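Since the structure comes first, as C-alpha cells, the remarks are kept for the end.
Any read-out appearing in this document is the output of simple, stated calculations on the displayed coordinates, not a laboratory observation. Please read these numbers as outputs of a predicted model, since none were measured by experiment. Here Cβ is always computed from backbone atoms with ideal geometry, including for glycine, and neighbour counts include all displayed protein chains.
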Amino acid sequence: MSHSSDLARAASAPASPVVTATGHRGLDREEALIFELDAEGRSGVDLPEPPPVTPRLGGLARRRPIGLPGLAEPQVVRHYVRLSRRNYAIDLGLYPLGSCTMKHNPRLNEKLARLPGFADLHPLQPEETTQGALRLMHELTHWLTTLCGMPGVALTPAAGAQGELCGLLCIRAALRAGGDQRQVVLVADSAHGTNPATAAMAGYRVEAVPANARGRVDLQALKARLGPDVAAMMLTNPNTCGLFEDEIAEAAAAVHAAGAFVYCDGANFNALVGRVRPGDLGIDCMHLNLHKTFSTPHGGGGPGSGPVMLAAALAPYAPLPFLLREGERLRLVERREGEAAASFGRMKAFHGQMGMFIRALAYMLSHGGDGLKQVAEDAVLTANYVLARVGDVLSPSFPGPCMHECLFDDRFLKGTGVTTLDFAKALIDEGFHPMTMYFPLVVHGALLIEPTETESLDSLEEFIAALRHLAAEATAGRAERFTGAPHLAPRRRLDETAAARKPVLRWRPPDRPRAAE
Amino acid sequence: MSETRFTKDHEWIRLDGTVGTCGITDYAQQQLGDVVFVELPEIGRKVAKGEQTAVVESVKAAAEIYAPVGGEVVATNAAIVDEPAKVNAAAMGDAWFFRLRLADPREFAALMSDAEYQRFVEGLQ
C-alpha cells in the first residue's frame with residue numbers, strides 16, 4: 001500500500017490498546033484509493049484481442065496508456081461497498097442540515113421510477129410513443145401550479161441554482177420586452193447564498209437589503225432603495241434564519257409599485273407546502289427543489305430537479321421545451337416560434353429530470369393534499385420541538401416559534417474555548433451528521449438545524465440528548481473533547497485550510513511525478 | 001505623517017498624500033479565520049465609497065471588501081493573492097489589499113479614528 005494511505009491511517013487511528021498488523025480496526029477496514037489497488041494485467045472483463053487496424057489518427061493518437069486502474073470485479077465491488085459503509089446518509093440516520101431538507105426518500109417513489117414504461121424511455125423517441133410520460137409531466141404541472149397558486153411552470157431546470165437563473169432570465173426577458181434595461185437586483189441578507197451569485201450571473205448588479213432586529217427583511221430599507229433601476233428583489237421564505245417573512249405581502253406590493261418583480265427562493269418550501277400558496281403572497285417567480293420538498297434523492301443520490309413557478313406576466317418567457325395540451329394530445333414545444341416566440345431560450349438539452357418528476361408526483365399522489373399539508377405542519381413542529389428542548393442550553397438567535405429550522409449562534413460557547421466548528425465535529429462522535437454551521441452570516445457562529453418531518457419523537461429525543469450533553473461538556477470546561485473532534489470517525493479532523501490553500505485535485509502515481517503526465 | 005482611519009465594515013485606510021492604502025482590520029481577520037482566497041480589483045477601476053472592491057474568503061465565509069472612500073485603484077497587493085495566509089499574519093501591515101487615489105479627502109476625514117474604531121469593536125463583543 002502506498003505512502004499516502006499510510007499517512008492517512010496514522011492520522012485516523014484513535015488511542016487504542018490494540019495495534020493491528022493490518023492497520024484495519026475490527027471489521028472497519030482501511031481502504032486504499034482505487035488507483036492504488038491497480039495491478040498490471042488485471043481486468044474485470046475478458047475481451048478478445050482487437051484485429052490489427054491501420055490507425056488514421058495521425059498526431060492525435062495517444063502515446064501513453066490512459067492510466068485507468070486494473071482490478072478484478074470482486075475487488076471493485078468490495079472497494080465501493082466498503083466506502084459506502086463509511087458514508088453517512090438519510091437512510092442511516094438524522095441529517096439535520098439547515099436549508100437542505102434532507103428528508104426520507106420513500107421506496108414507493110423508487111418502485112414507480114423503475115417501471116419499464118418510464119425507465120426505458122428515450123428523450124428522442126417520437127412524441128406519439130411518449131404520451132404517458134408527457135401526461136405525467138402534465139399532472140405534475142397541475143400539482144405544482146395548484147400548490148403554489150401560480151399559473152406557469154418551467155420544468156427543465158436541473159436544480160435550485162439553475163432554477164434561480166431561469167427565474168431571473170424570465171424576469172430580464174419580461175423587462176426587456178417592455179424596453180426596460182434595469183440594472184440592479186436587491187437580495188435580502190437573510191436569503192440563500194446562491195441568490196446574489198445568480199443575480200450576478202444574469203448580468204445584474206447586486207445590492208443587499210439588510211435584516212431587521214427580528215431577523216426579517218428590513219421593510220423600510222427595502223422601500224428606501226426601490227427605484228426605476230431595480231429589476232427584482234430576491235428573498236427566501238421562510239428565510240435562512242428559519243423565520244417566516246411576515247411582511248412579505250407589503251414588501252411585494254412595494255416592489256411591484258416600483259415596476260420590479262419578486263423572486264422567492266423556494267428551497268424552504270417544505271415549511272409551507274399545502275399551507276401557503278406563494279402566489280398569494282405576491283411572489284412572481286419561485287423555484288422548487290423537488291429533491292428537497294418532494295422527497296427525491298439528493299446529497300450524492302440526485303440528480304436534483306428545480307422547476308420554476310411563474311406568474312402570468314413571466315410565463316410567456318419560460319425556457320424551451322415546454323408542454324402544451326392540444327385536445328387529448330400533449331406535445332413539447334421545442335422551437336422559439338408561435339406560442340413560444342417570447343421564450344428566452346433553452347437551459348437544458350431535453351425536458352428536465354424525468355426520473356425526479358416520477359418520484360415527486362408519486363410523493364404528491366401518495367400523500368394527497370391533506371398529507372402534504374401535514375408534511376409542512378410536522379416539519380415545523382419538529383424544528384420547534386428541538387428549539388424548545390435545547391433553547392435553554394444553546395443560544396437561540398431569535399425568540400420562537402420558528403418555521404422548519406431553528407437557528408442558534410455561538411453565545412453559549414463564549415469563554416469555553418470551543419468554536420461552532422468544534423461543536424459540530426463533536427456531534428459526529430455522538431453519531432450524527434452535523435448541522436449547517438456558519439450560515440446564515442447574519443448571526444455569529446451560526447448553527448442551523450432542520451430535522452424535517454421524517455424524524456420520530458424517539459429520534460428527536462436522542463439528538464436532543466446529544467446536543468444537551470455536548471453543551472454541558474463545553475460549559476464544564478472539557479474543551480479537549482471538542483478541539484480534537486471527531487475522535488471516533490474513520491478520519492480525524494481534516495485540514496480545511498490546507499485543502500483550500502493548496503488543493504490536491506487529482507491522484508498521481510508516486511513514481512510518476514507531475515512532469516511525466 | 002500618515003494617518004489610519006476605519007470603517008464600520010472593518011476596513012482600514014492609511015493616507016499618504018492623496019493615496020490611501022486599504023486593508024481589513026485585525027478584528028476582521030480574526031472573525032474570518034484562516035483566509036484561503038483573495039480577489040483584487042483591476043488597476044484603474046474607479047470606485048465609489050462603499051462599493052464592493054475586493055473579496056476575501058476564509059474556511060468559514062466569503063466576505064466583500066468595500067472601498068472606504070471613493071477614488072481610483074492605483075495599486076493592488078498581488079502577494080496576498082499568492083499567499084492568502086498573509087492576511088491573517090499581517091492584516092494591518094504588509095497584507096494591504098489595494099491603494100486608492102482619493103476623489104474627495106473629506107470622505108477620509110469622516111471615517112472613524114483608531115480610538116473610535118476600538119470602541120466600536122468593543123461594542124460588538
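Tabulated data
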read-out	value
Simple spin-label estimate for A:Glu128 and B:Val81 in nanometres, 7 Å along Cα-Cβ	6.1
Translational diffusion coefficient (Stokes-Einstein; Kirkwood radius from C-alpha pairs) of the protein assembly as shown at 4 °C, 1.567 mPa s, in µm²/s	46
Calculated from backbone phi, Karplus (6.51, -1.76, 1.60) coupling profile of the stretch A:176-191 in Hz, x at Gly/Pro	5, 4, x, x, 9, 10, 4, 10, 10, 10, 8, 10, 5, 4, 8, 8
Segment A:Phe350-A:Thr22, length gained on full extension (0.36 nm per residue, minus Cα span)	113.1 nm
Solution diffusion estimate, µm²/s, Stokes-Einstein, the stretch A:370-501, Kirkwood Rh from C-alpha pairs, 25 °C, viscosity 0.890 mPa s	159
Residue-averaged [θ]222 nm for the protein assembly as shown, counting only DSSP H segments that reach four residues, each worth -39500 (n - 2.57)	-9500 deg cm²/dmol
DSSP-defined antiparallel bridges as percent of all bridges, the protein assembly as shown, nearest 5	75
Loop-located GluC sites (Glu not before Pro) in the stretch B:32-102 whose Cβ has at most 12 other Cβ within 10 Å (DSSP)	B:Glu42
Stokes-Einstein diffusion coefficient of the stretch A:136-255, Kirkwood radius over Cα pairs, 25 °C, 0.890 mPa s, in µm²/s	160
Debye log10 I(q)/I(0) at q = 0.20 Å⁻¹ for the stretch A:209-311, Cα point scatterers	-1.01
Size descriptor, Kirkwood hydrodynamic radius, that averages inverse alpha-carbon separations across the stretch A:57-141, Å	18.5
Descending semi-axes in Å of chain B, equivalent ellipsoid built from Cα gyration tensor	20, 18, 12
Full-stretch length increase - A:Arg135, A:Arg493 - with 0.36 nm per residue and alpha-carbon distance subtracted	123.9 nm
Leading residue at positive end of dipole, the protein assembly as shown (Cβ point charges), from A:Ala213, A:Pro126, A:Ser459	A:Pro126
Estimated dipole of the stretch B:3-124 in Debye, rounded to 20 [Cβ of Lys and Arg +1, of Asp and Glu -1, Cα centre]	260
In sequence order, calculated HN-Hα J values of the stretch B:90-97 (Karplus, 6.51, -1.76, 1.60; Hz; x Gly/Pro)	8, 4, 8, x, 4, 8, 5, 9
nm² value of the averaged projected area, convex hull over the Cα atoms of the stretch B:1-69	4.8
Exposure proxy order (Cβ contacts within 10 Å, fewest to most) of B:Glu3, B:Glu122	B:Glu122, B:Glu3
Distance from the stretch B:34-76 to the stretch A:129-173 (C-alpha centre basis), Å	38
P(r) weight above 19 Å for the stretch A:90-206, C-alpha pairs, percent	67
Coil-residue chymotrypsin sites (Phe, Trp or Tyr not before Pro) of the stretch B:1-84, DSSP, other Cβ within 10 Å capped at 13	none
Violating pairs (Cα-Cα greater than 22 angstrom) within the set A:Lys111/A:Lys292; A:Lys103/B:Lys60; A:Lys223/B:Lys46	A:Lys103/B:Lys60; A:Lys223/B:Lys46
